[in-house]
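The values are calculated or read from the model by the stated rules, or taken from the named source; none is laboratory data. All values reported here derive from a predicted model rather than from experimental measurement. Glycine also receives a Cβ, built like all others from the backbone with ideal geometry; neighbour counts cover every protein chain displayed. Ligands, DNA and RNA are excluded from the accessible area calculation, which covers all protein heavy atoms including side chains. Shrake-Rupley method; radii C 1.70, N 1.55, O 1.52, S 1.80 Å.
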Amino acid sequence: FLTLLLMIPMMLIESLMNERERTAGNAVEEVGQKWSGAQTVLGPMLTIPYYTTQYSEKSGRTERVVEMVNILPDSLDIIGDVRTEELRRGIYESVVYRSTMELRGTFVLPPEVPLRPGDPDFPLEDAMLNLGLSDLRGISEPVAVEWGSTQKTLDPGIRHNELLNSGVSCLVNARPLAEGRTVSFRIRLALKGSGSLYFAPVGKTTTIALRSNCRTPSFTGAFLPANRQVTDSGFVCDWKVMHLNRNYPQVLTGSDRQEAIEESVFGVDVLQPVKRYQQSMRSVKYAILIILLTFVVCFFVEVLQRRHIHPLQYLLVGLALSLFYSLLLSISEHTSFGLAYLIAAVMTVSLITCYMAGVLKLRRTAMAIGGLLAGLYVYVYVLIGMESYALLAGSVGLFVILAVIMYVSQKIDWSGRD
């Protein structure tokens, strides 16, 4: 009954852990909103307007309307250096980054685009080079582009492109493409962000090489790096994606391929993993085990040593065990989880050992109870650190504990005749 009763404060502590985790998440999100959010680099792509005739039901005659064709680069090479740093919001830290990137590649005229010099249906002077960026607040310096032999500066906003929601663009000369020539480009980009950095494989061949001081990257998205090396000083990785690996062609019209492009993005999460709340939550799952086993040990001592322990004293011991999780949560917000677990366990074991020594008047027995409780905390800490073998180790450990309890219980005359 006392064990079930103590589940009430444990539920309150678990609710507190969820609340603190949400508060930490809100703090990280607030920092990202003020610094810059997660960044997705999409492009560049060349948008060329063209005129076509369509029948208008409103006017009852054919009209000349303008539409857009988006040409993706024949090759795209991105080299980036990502430097992470920590910003604090109260007691919570948030990881942000500054990156410098260079985007290089070439454009060629695909066979399916009938582009010819002097064609009135293709106003080449209105061609736009568009680069999609998910959060323009992260641009730290003017974005310069070398288009062939000319240099331009990209302006904010995307015009005449239904595939990109936000980004930068500039007018370029598409006449060399119409003449059958290959046009090279190079874009220098200084970009801030938080949480993650993603790319879209818009090139016929897309290669990306990143270097960072982040020690805890998480590579995610539609493609994983072909090579990666993570050390204590950071990580180095590279991707190579071909146009055959994605579900959209090199020439796009309209917005029907926007979802396919978004599904093909990939990159790296540089968000520092905040595991203390997950680890604290996992430790709470073992609370009923520690409370119940501590009560069983106290009960065996009461029977075998012929010492009376009042139910109120059982309740106080249970409350001390429950307070361990509140201590663990509060201390882990200011230090590492391992150190917080050690401090909370030492405080709890010391309190219960001293209390049982006063109740039982048996110092050696109280020390044995404290030692068994310390062993339980060590066992639970090992389980928390395990991932693949947590269930196996937990099951074997419970089996051993049950076997010990069954062995000790044989010494008790349960009939009460003795």
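Listed here are the residues, each with its yes/no results for (1) surrounded by 13 or more Cβ atoms within 10 Å (Cβ to Cβ); (2) at pLDDT 80 or above.
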site	(1), (2)
I13	yes, yes
L16	yes, yes
R20	yes, yes
G32	yes, no
T40	yes, yes
G43	yes, yes
T47	yes, yes
Y51	yes, no
Y55	no, no
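If the requirement is being closer than 22 Å to A390 by Cα, among the β-branched types (V, I, T), exposed (fewer than 14 other Cβ atoms within 10 Å of the Cβ) and under 42 Å from the mean Cα position of the chain (by Cα), which of these qualifies: V346, V378?
V378
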Practice task
Within the stretch 136-146, identify whether any single residue is of a type in the set (D, E, K, R), surrounded by fewer than 21 Cβ atoms within 10 Å (Cβ to Cβ) and under 13 Å from F107 (Cβ atoms), and answer yes or no.
Solution key: yes
Exercise for the section: Please find, among L373, L323, the residue that is within 15 Å of F299 (Cα to Cα), within 37 Å of the chain's Cα centre (by Cα) and at pLDDT 85 or above. Expected result: L373
Exercise for the section: Determine which member of the set L327, L315, L321 is touching a helix residue (DSSP H, G or I) at 6+ places or on another chain (Cβ under 6 Å) and open to solvent by less than 20 Å² (accessible area, probe 1.4 Å). Expected result: L321
Completion exercise
Taking first residues from the stretch 314-329 that are on the phi < 0 side of the Ramachandran plot and second residues anywhere that are among the β-branched types (V, I, T) and open to solvent by 40 Å² or more (accessible area, probe 1.4 Å), the pairs with Cβ under 9 Å that are 6 or more apart or on different chains are L327/I343; L328/I343
Exercise for the section: For the stretch 278-296, state whether one or more residues are touching a Phe, Trp or Tyr at 6+ places or on another chain (Cβ under 8 Å) and farther than 30 Å from V359 by Cβ. Expected result: yes
Handout entry: Whichever residue in the stretch 158-205 is among the basic types (K, R) and modelled with pLDDT of 90 or more and, among such residues, is least open to solvent (accessible area, probe 1.4 Å)
Key = K192
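Within the stretch 287-325, take every residue that is charged (D, E, K, R) and not in a helix (DSSP H, G or I) and give me the one that is farthest from V349 (Cα to Cα).
So the residue we want is R306.
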Problem - Residues of the stretch 252-268 satisfying the condition of being open to solvent by 40 Å² or more (accessible area, probe 1.4 Å) and either closer than 22 Å to S194 by Cα or in a loop (DSSP other than H, G, I, E, B) (or both) - result: T253, S255, D256, R257, E262, E263
Practice task
Tell me, yes or no, whether the stretch 232-251 has at least one residue that is open to solvent by less than 70 Å² (accessible area, probe 1.4 Å), hydrophobic (A, V, I, L, M, F, W, C), modelled with pLDDT of 90 or more and touching a helix residue (DSSP H, G or I) at 6+ places or on another chain (Cβ under 8 Å).
Solution key: no
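Quick check, is M367 open to solvent by 50 Å² or more (accessible area, probe 1.4 Å) and among the aliphatic types (A, V, I, L, M)?
Spelling it out, M367 is indeed open to solvent by 50 Å² or more (accessible area, probe 1.4 Å) and among the aliphatic types (A, V, I, L, M).
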Problem - Candidate set from the stretch 298-312 (those that are touching a residue at least 12 places away in the same chain (Cβ under 8 Å) and either of a type in the set (D, E) or open to solvent by 40 Å² or more (accessible area, probe 1.4 Å) (or both)); member that is nearest to P9 (Cα to Cα) - result: P311
